[in-house]
């Protein structure tokens, strides 16, 4: 049994694509996923599955959400080892001990192509910084995530793939949940 962490893009934001967490947990359980736990109201779910291919698993969940709710939602799946690596390799962590509330991780569907990476430059007048990981982008946004130009939409447009972002506290909490 593998333990996975799924991150849903854009649910329960500004009254859009509403999914109650109790319903989302039930949807996962109906798909045969086990030990289903949700975190917050923004589509973070820790669960167990015998399926070894995370992209296949994401597709199954996306399809069921579309069938159940009538809209599409991008689902990103990582395992606990991915989260451990993310927590250990954040290049902004050491220099931002007091500013951890300004640290974020943008999760990507897959590793971006070299051509897409070449498109990534910090927009003019942006105070935030980013660093590319494997299938994630580490962010430090001193003015707050609500004010940065380094948003999901920015990375989706530049990399031509879905993205979803979580704050550092949530990334840590999901890792701890996956280890329990």
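The values are calculated or read from the model by the stated rules, or taken from the named source; none is laboratory data. The shown structure was predicted, so the numbers you read here are calculated from the model rather than taken from an experiment. Glycine gets a Cβ as well: all are built from the backbone with ideal geometry, and neighbour counts include every protein chain shown.
Criterion applied to 43, 59 was being crowded, with 16+ Cβ neighbours inside 10 Å and without any contact (Cβ under 8 Å) to a residue 40 or more places away in the chain, and the one residue passing it is 43. Look at (1) assigned by TED's automatic domain parsing to the domain that holds residue 144; (2) out of contact with any helix residue (DSSP H, G or I) (no Cβ under 7 Å at 6 or more places or on another chain); (3) assigned to a helix (DSSP H, G or I) and you find that residue 91 fails only one, number (3). For the stretch 94-131, filtering for residues that are more than 22 Å from residue 169 (Cβ to Cβ) and either part of a loop (DSSP other than H, G, I, E, B) or touching a helix residue (DSSP H, G or I) at 6+ places or on another chain (Cβ under 7 Å) (or both) leaves 14. Out of curiosity, is residue 148 more than 16 Å from the chain's Cα centre (by Cα) and surrounded by 18 or more Cβ atoms within 10 Å (Cβ to Cβ)? Against the criterion (more than 16 Å from the chain's Cα centre (by Cα) and surrounded by 18 or more Cβ atoms within 10 Å (Cβ to Cβ)), residue 148 qualifies.
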